[in-house]
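The values are calculated or read from the model by the stated rules, or taken from the named source; none is laboratory data. Here the structure is a predicted model, which is why all the values come from computation and not from measurement. Quick reminder, even Gly has a Cβ in these numbers, built from the backbone with ideal geometry, and neighbours come from all protein chains shown. Remember, those area values only see protein heavy atoms, side chains included, never the ligands or the DNA or RNA. Shrake-Rupley method; radii C 1.70, N 1.55, O 1.52, S 1.80 Å.
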Amino acid sequence: MNTPAPTAPTVIAANPGSIAVAQPNAAPAASTTPVRELLALRDALDGSLHLPADADWDAARTAWNLAVDQRPAAVVIAGSAHDVVLTVNAARELGLRVAPQSTGHNAAPLGGPDGLAGTILLRTSSLRGVSIVPESRIARCESGALWADVTAPAAAFGLAALAGSSADVGIAGYLLGGGVSWLARSHGLAVNSITAIEIVTADGLLRRIDADHEPELFWAVRGGSGNFGVVTAIELRLFPMTEVYAGTLFFPLAEASRVLQAWREWTADVPEQVTSVGRILQFPPLPELPDFLRGQSYVVIEAALQAPPVDADAVLAPLRDLDPVIDTFQPTPMTELDQLHMDPQGPVPGVGDGFALAELTADAVEAFVAAAGAGSGSALLSAEIRHVGGAAGRAPRGAGVVSHLDSEFLVFGAGIAATPEMGVAAAASVDRLAEALAPWRAAVLYQNFAEGPQEPRAIWGADLDRLRAIKVVYDPSNTIRSNHPVL
């Protein structure tokens, strides 16, 4: 494809009269940190800039995944979109790169082999403003917003976002990588709910892009991760919904094969208003966990059903016939749906990885159980198979590069890495899970579940060449650094 030159951008004045647009320079890795120049940048920021000699350096550079050791040249915690413009311009002029990051949930692949050397880590975590226009069902969210910042104000208007399974996941990384919500099978990938994006590109311009303004860039950013600039705000569509029927069925771990085989058969016929997960959980003996979870292991089925309780109960009947030891299903407000997956509340040190399955056969389920179930020796806190398909498998008109999933099932395994030994054991267990399911793996994976470096074509397939052409137009010196780079 011949990618056209960018059209005249819609430029937003982050601070009127203050945006200096320079021509892109080459961005070689800096051999030394230009401290004097960075101190000058610090003085100009609304937010803050942190250097390795500062007392708060470790706090500034730490990602949500505490097992990831990020060692950039500097950290900027942006206090405004204008700070993003200043930082991108300064980095380009100093021969540094810029790595955008909000929470740092998927931080492991961002650093790469150099650990972010020669790079300014640009954190948008302080940009958490959210405004909602209920009449148009549109939310404008600054890029550091967490899903908890969006779901509560949306619920006040009877609206729901296609939010992630955890309240403290940042909206930007989740959306730009695709976004699989508890409504995915009925409403599609969350990235398709984006109506506009505000982004600072490598030339220092703050642009507002949508289907009519720089559509090629808009296409690339929706699924192209953080490769094309630093996102400062996202506008997204909300949906009229106040609650779903959701919960978890817990079974003894020894019954993993029986339960997951039954769940696999059940997924073949469930309506698209049902999104579910089959999962093996092995909880550590942590005091903050409730008694029924602390030190216990289960096979569980989690699901969210968009149906009245009487209809939902009929759908769930085949699974309840398996005699769960705990059944938590009940009408659940959208603001409480983020508790269903039982994700850790706050930063933790972890090791994980995931991929897609071309098919989930009975043999694949047995391989999954053998790798993560009772007697496997697995060090994984969680090993899950997520049922998608439905609307998540269809590309809507006008979608971005990641518009749907070709695979109907996703796999993710994760373990706690509180000590080096635990990290090694968890990593080995993640590898064993991947090896066990290798015969059923799909060629293209889901990037939000990819916690390690990937071959770009394994994420974007045949669209990679088009993405690379757009990258060259907007960032010819490769100033902007992503956790999953296209180049």
Legend entry - Size of region 135-206 as Cα extents on the principal axes (Å, biggest first): 39, 25, 23
Legend entry - Note, ³J(HN,Hα) from phi for region 451-468, Karplus 6.51, -1.76, 1.60, rounded to Hz, x at Gly and Pro: 9, x, x, 10, 5, x, 5, 6, 9, 10, x, 5, 7, 4, 4, 5, 4, 5
Inset, instruction - Calculate I(q)/I(0) for region 309-365 by the Debye formula, one identical point scatterer on each C-alpha and no solvent, and give its log10 at q = 0.31 Å⁻¹ to two decimals. - result: -1.20
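I want to verify the translational diffusion coefficient of region 418-463 in µm²/s; compute it with Stokes-Einstein, Rh as the Kirkwood radius over Cα pairs, at 25 °C and 0.890 mPa s. All intermediate terms of the calculation are to be shown ahead of the outcome.
Values: Rh = 12.3 Å.
In µm²/s, the coefficient is 200.
Calculate the all-directions average of the projected area of region 179-323's alpha-carbon convex hull, and give it in nm².
12.5
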Legend entry - Cα Rg, Dmax, region 382-430, angstrom units: 16.2, 48
Legend entry - Sparse-neighbour loop sites [trypsin sites (Lys or Arg not before Pro); region 306-401; at most 16 other C-beta within 10 Å; DSSP]: Arg394, Arg397
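Give the percent of DSSP beta bridges with both residues in the chain that are antiparallel, rounded to the nearest 5.
Details: 70 of 81 bridges.
Around 85 percent of the beta bridges assigned by DSSP in the chain are antiparallel ones.
Give me the Kirkwood hydrodynamic radius of region 361-410 in Å, from all C-alpha pairs, to one decimal place? Write down the numbers at each step before the final one.
Details: mean 1/r = 0.0763 Å⁻¹.
That comes to 13.1 Å for region 361-410.
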Inset, instruction - With only Lys, Arg, Asp and Glu charged, each at its Cβ (+1 for the first two, -1 for the last two), find how big the charge dipole of the chain is about the Cα centre; round to the nearest 20 debye. - result: 1060
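How large is the convex hull of the Cα atoms of region 237-326 per residue, expressed in Å³ as a whole number?
Details: hull volume 11.6 nm³, N = 90.
So the per-residue hull volume is 129 Å³.
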Legend entry - Acute angle (nearest 10 degrees) that the helix 362-372 long axis makes with the longest principal axis of the chain, alpha-carbon atoms: 70
Legend entry - Mean Cα-pair separation over length for the chain, i.e. relative contact order, pairs under 8 Å, 6 or more apart, %: 19
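Report, in deg cm²/dmol and to the nearest 500, the calculated mean residue ellipticity at 222 nm for the chain, where each DSSP H run with n ≥ 4 adds -39500 (n - 2.57) and the sum is divided by the residue count. List each step's numbers first, then the result.
Numbers: 14 runs with 127 residues, N = 487.
Roughly -7500 deg cm²/dmol at 222 nm, from the helical runs in the chain.
Can you give the accessible area per residue of region 98-173, in Å², using a 1.4 Å probe? Please report the intermediate quantities before stating the final value.
Working: 2360 Å² over 76 residues.
Result: 31 Å² of accessible area for each residue.
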Legend entry - Inter-site label distance for Ala438 and Glu265 at 7 Å from Cα along Cβ, in nm: 3.1
Inset, instruction - Determine ³J(HN,Hα), in whole Hz, for all residues of region 94-105 in sequence, where each value follows from phi through the Karplus function 6.51 cos²θ - 1.76 cosθ + 1.60 and θ = phi - 60°; x replaces Gly and Pro. - result: 8, x, 9, 9, 10, 10, x, 7, 9, 8, x, 5
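Run the numbers for Ala44 and Thr62: contour at 0.36 nm per residue of separation, minus the present Cα-Cα distance, in nm. Display every interim value, and only then the final one.
Values: separation 18, 0.36 × 18 = 6.48 nm, distance 2.35 nm.
Here the answer is 4.1 nm.
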Legend entry - Residue-level accessible surface for Ser193, protein heavy atoms, 1.4 Å, Å²: 0
Inset, instruction - For the chain, with all protein chains present and a 1.4 Å probe, just round the carbon and sulfur fraction of the accessible area to a whole percent. - result: 54
Inset, instruction - List the equivalent ellipsoid semi-axes of region 38-166 in whole Å, largest first, each obtained as the square root of 5λ for an eigenvalue λ of the Cα gyration tensor. - result: 30, 17, 12
Legend entry - Total charge dipole magnitude, region 193-241, about the Cα centre, Cβ charges on Lys, Arg, Asp, Glu only, Debye to nearest 20: 180
Inset, instruction - Pull out a ≥ b ≥ c, the square roots of the eigenvalues of the alpha-carbon gyration tensor of region 404-487, then state rounded if a/c is under 1.5, prolate if not and a/b is larger than b/c, and oblate in the remaining case. - result: oblate
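Taking all pairs of different Cα atoms in region 251-405, averaging 1/r and flipping that mean, what Kirkwood radius in angstroms comes out? Working shown, then result.
Numbers: mean 1/r = 0.0583 Å⁻¹.
Here the Kirkwood hydrodynamic radius works out to 17.2 Å.
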Inset, instruction - Compute the distribution of all C-alpha to C-alpha distances in the chain, in bins of 20 Å from 0, and list the percent of pairs in each, rounded to whole numbers. - result: 24, 56, 19, 0
